[in-house]
1. Being within 23 Å of Ala55 (Cβ to Cβ), modelled with pLDDT of 85 or more, buried (at least 23 other Cβ atoms within 10 Å of the Cβ) and small (Gly, Ala, Ser) is the requirement here; does Ala153 meet it?
2. Going by the structure shown, is Pro135 out of contact with any strand residue (DSSP E or B) (no Cβ under 9 Å at 6 or more places or on another chain), surrounded by fewer than 21 Cβ atoms within 10 Å (Cβ to Cβ), at pLDDT below 85 and not β-branched (Val, Ile, Thr)?
3. Hey, can you tell me all the residues within segment 62-73 that are in contact (Cβ under 8 Å) with a residue 24 or more places away in the chain and of a type outside the set (S, T, N, Q)?
4. Out of Ser64, Ser46, Ser95, which single residue is out of contact with any Phe, Trp or Tyr (no Cβ under 9 Å at 6 or more places or on another chain), closer than 20 Å to Gly156 by Cβ and among the polar types (S, T, N, Q)?
5. Quick check on segment 3-17. Is at least one of its residues in a loop (DSSP other than H, G, I, E, B), under 19 Å from the mean Cα position of the chain (by Cα) and under 14 Å from Val221 (Cα atoms)?
6. Please specify each residue of segment 192-230 satisfying the condition of being buried (at least 22 other Cβ atoms within 10 Å of the Cβ) and at pLDDT below 85.
7. Would you confirm, using the coordinates I've provided, whether Ser185 is out of contact with any strand residue (DSSP E or B) (no Cβ under 7 Å at 6 or more places or on another chain) and crowded, with 24+ Cβ neighbours inside 10 Å?
8. Are any of the residues in segment 2-23 modelled with pLDDT under 90, surrounded by 22 or more Cβ atoms within 10 Å (Cβ to Cβ) and among the polar types (S, T, N, Q)?
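The values are calculated or read from the model by the stated rules, or taken from the named source; none is laboratory data. Everything numeric in this text was worked out from a predicted model, so none of it was measured. No Cβ is skipped: glycine too gets one built from the backbone with ideal geometry, and neighbour counts run over all protein chains shown.
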Amino acid sequence: MTGVISPVLIAAAGVLAGVVGTAGGITSLISYPALLAAGVPALGASVVNNVALVACWPGSALASRPELRGRGRWLRQWAWVAAAGGVAGAALLLSTPSQAFSRVVPFLVAAGSLALLAQPWISARFQGRARDSAPVLLAGLLAMSVYNGYFGAGSGVMTLTLLLVTVDEHMARANALKNMLIGASSVLSALAFIIFYRVDWQAVVPLSIGLLAGSMIGPRVARRIPARLLRWLAALLGMALAARLWMAPA
């Protein structure tokens, strides 16, 4: 990564990604292609993305204080599940050959995009059926956290869907809880990457700055703006990215 344009591009993408991700969309569908455009290889871009996503945690926590009030005990219980899954996903990524990762990425991005579009239908169909179902929440959160540590595009919206079905049907409250769980998953997976992989800090720093700024805006957006347009734009961007990566792997 050379010059000034790439860090500026990455930081700007981080702001937008932070807003979209913490408002209920898919962070990586914006930040990941920006890293590729800046010349970061596919595997390295995924690592950078995972490490930088930690910056969304404090920003979204500050912006979501009304929705998180009274949820401290619940979060302390379930954050450990998310963290364990994140570490497992990081280990899986680091043991995956970079060529194989480049080949599977288009399908992961496409799956995340489809999950984003399907989330309202899934939530409506299963509303009230699995409320307070700890086994469903445990299995689903562990699976989503492993995926978040491995790649992550779509893990947030799939976790949001899970929480809307099993914990709280109110969008803003479920979104706030989702942001905290994804943060817990990202912290330990990022630590694993820092210890066992050569992290591109020139990319992590501007992306983290942008994500922190965007994550302080996203929860406020989730309170005020209908998510339908944002959902479709992010999903279309994701499908376009998946098609490009499938035709020309990074």
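1. Considered against the rule, which asks whether it is within 23 Å of Ala55 (Cβ to Cβ), modelled with pLDDT of 85 or more, buried (at least 23 other Cβ atoms within 10 Å of the Cβ) and small (Gly, Ala, Ser), Ala153 comes out as no.
2. Answer is no for this residue.
3. Correct list: Leu62, Ala63, Glu67, Leu68, Arg71.
4. Ser64 is the lone residue from the list that is out of contact with any Phe, Trp or Tyr (no Cβ under 9 Å at 6 or more places or on another chain), closer than 20 Å to Gly156 by Cβ and among the polar types (S, T, N, Q).
5. no
6. Within segment 192-230, Gly218, Pro219, Ala222 meet the criteria.
7. Yes.
8. The answer is yes; a qualifying residue exists.
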